[in-house]
1. Under the rule of -39500 (n - 2.57) per DSSP H run of 4 or more residues, summed and divided by the residues of the chain, what mean residue ellipticity at 222 nm is obtained, to the nearest 500 deg cm²/dmol?
2. Taking +1 at the Cβ of each Lys and Arg and -1 at the Cβ of each Asp and Glu, which of 252, 349, 160 sits farthest along the dipole of region 69-365 towards its positive end, judged by Cα position relative to the Cα centre?
3. Using a Gaussian network for the chain with springs between C-alpha atoms less than 10 Å apart, which of these wobbles most: 14, 22, 302?
4. Could you work out the local net charge near residue 25, counting Lys and Arg as +1, Asp and Glu as -1, over the other residues with Cβ closer than 14 Å to its Cβ?
5. Could you please report the charge total around residue 376, scoring K, R as +1 and D, E as -1 over all other residues with beta-carbon less than 15 angstrom from its beta-carbon?
6. So if I place +1 on the C-beta of Lys and Arg and -1 on the C-beta of Asp and Glu, and nothing else carries charge, what would the dipole magnitude of the chain be about its Cα centre? I want it in debye, nearest 20.
7. Within 9 Å, Cβ to Cβ, of residue 266, how many net charges do the neighbouring residues add up to if Lys/Arg are +1 and Asp/Glu are -1?
8. Is region 291-426 rounded, prolate or oblate when judged by the Cα gyration tensor, a ≥ b ≥ c being the square roots of its eigenvalues, rounded requiring a/c under 1.5 and prolate requiring a/b larger than b/c?
Amino acid sequence: MTLQAYRAQLLRFDADGQPLYDSDGLLVTGPGADGVRRVVDAGAHGAVAAHHPGVPVERLPGRLIAPGFIDMHVHYPQTDIIGSPAEGLLPWLENYTFPAEARFADPAHAAEVARFFFDELARNGVTTALAFATSHPASVDAFFSQARQRGLRMIGGKVLQDRHSPDGVRDQTEQSLLNTEALITRWHGKGRLGYAITPRFAPSCSDAQLRGAGELARRHPGTWIQSHVAENKDEVRWVRELYPQARSYLDVYRRFGLLRSRAVYAHCIYLDDTDRALMRETGTAAAVSPTSNLFLGSGFFDYGSAARTGMLHGLASDVGGGTSFCPFHTMLAAYYVGREGQSKPGLSLAPSQLWWRHTGGAARALGLDGVIGTLQPGTEADFVVLDPRATPLLARKIAQANGLEELLFALIVLGDDRVVERTVTA
Ligand code: GUN
Ligand code: ZN
């Protein structure tokens, strides 16, 4: 492997999450000692090119190079149940999710869906995801085998759910923890793969299982934790009945040692400021899943309070509660949810901030600052080549765009997988 450069419009992010844009940019990549390709240099072509004589340059006129998108919360086994209507979260789990996930006891089915899932991520420019598998260890092997073959930075784990779950997905407390530890040994830190300890949510896990998950998280501090919290009012009420002694839903996870950096909780809609302070103090992150929250009618994430309290957060698809793998659709839904002003103050999230929450900000929330998401020198060369004129309406809109924010907003509002011309991974 040798140095390779790409000349196009270039979007990067600085350490404060501010966008850096070059209308004529150059991205220089090269192999690291570990075989992973990294960003060697990036910036305006006029400033960068002279430092890299002889490096082959691929010219991509009219194209925009940007960091690969990061999906902070997705269920790969729910690929086939996108768009399944229900009267809210709990009936949706019962009627669609658990039957679909039960099929992942079959390794051949798991492998087929995993292949399709990773193809779909690539088509949509998503280069890293924090993913749920199912309760079947074979579903985790299928996920990581595919990710490794493709050289991707991916994080995932076996779902823990030993109660309030039907036959076919319910696991056994002791065995589920032994399986989790075996899977950590098999997959965590292999190449660019990371393991996530995955209690589904408090109602589906016994105290013993949550306690065991917390102990595993303490013994393996480099692993991730992923779960759900405060998504839906019926769910919150159920948790209050199950844990009357806890101060809040989030507090249940604290009691079992499940809040720390690299712990990521999907939704976080029904939190109060005490919960948000607990998230910040422990380094726990929220995976905001707007297409899912709108589709299931769960509620509206409060971006203003998240920013005010300094709680880590980033964007996620939450397929199959979410309706799209496409980061443009997720960012647009995040904008809609921000605008909503009945359940909390409405605000207009800046296009570059929406974009950062799905790239560098998501990396920071995952504890992968300086590794992916910004295209800063030294970070891994996971990026997308976008065609901002992929459709007639986009071409028309882009021609009138005034500055970076208008360019990014046109892509967020009108863009889809047709914009993603190429997804390059390190
Ligand atoms: N809460 C528990 N399980 C799930 C799930 O699969 N999807 C969503 N959106 N919420 C959950
Ligand atoms: Zn989810």
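1. Working: 17 runs with 156 residues, N = 426.
It lands at -10500 deg cm²/dmol.
2. 349
3. Of 14, 22, 302, the Gaussian network model singles out 14 as fluctuating most.
4. On the way: positive: 7, 12, 59, 63; negative: 22, 24, 41, 58.
Net of charged neighbours comes to 0.
5. Values: positive: 12, 37, 38, 364; negative: 14, 16, 22, 41, 369, 380, 382.
Computed value for this residue: -3.
6. Working: 42 positive and 45 negative charges, 134 e Å.
The dipole of the chain has a size of about 640 debye.
7. Numbers: positive: none; negative: 231, 318.
Here the charged neighbours net out to -2.
8. Values: a/c = 1.57, a/b = 1.15, b/c = 1.36.
Taking the square roots of the gyration eigenvalues as a ≥ b ≥ c, region 291-426 is oblate.
A short reminder: the numbers here are calculations on the coordinates, not readings from a lab. This one's a predicted model, so the numbers in the text were calculated from it and none came from an experiment. Cβ sites come from the backbone with ideal geometry, for glycine too, and all protein chains shown count toward neighbours.
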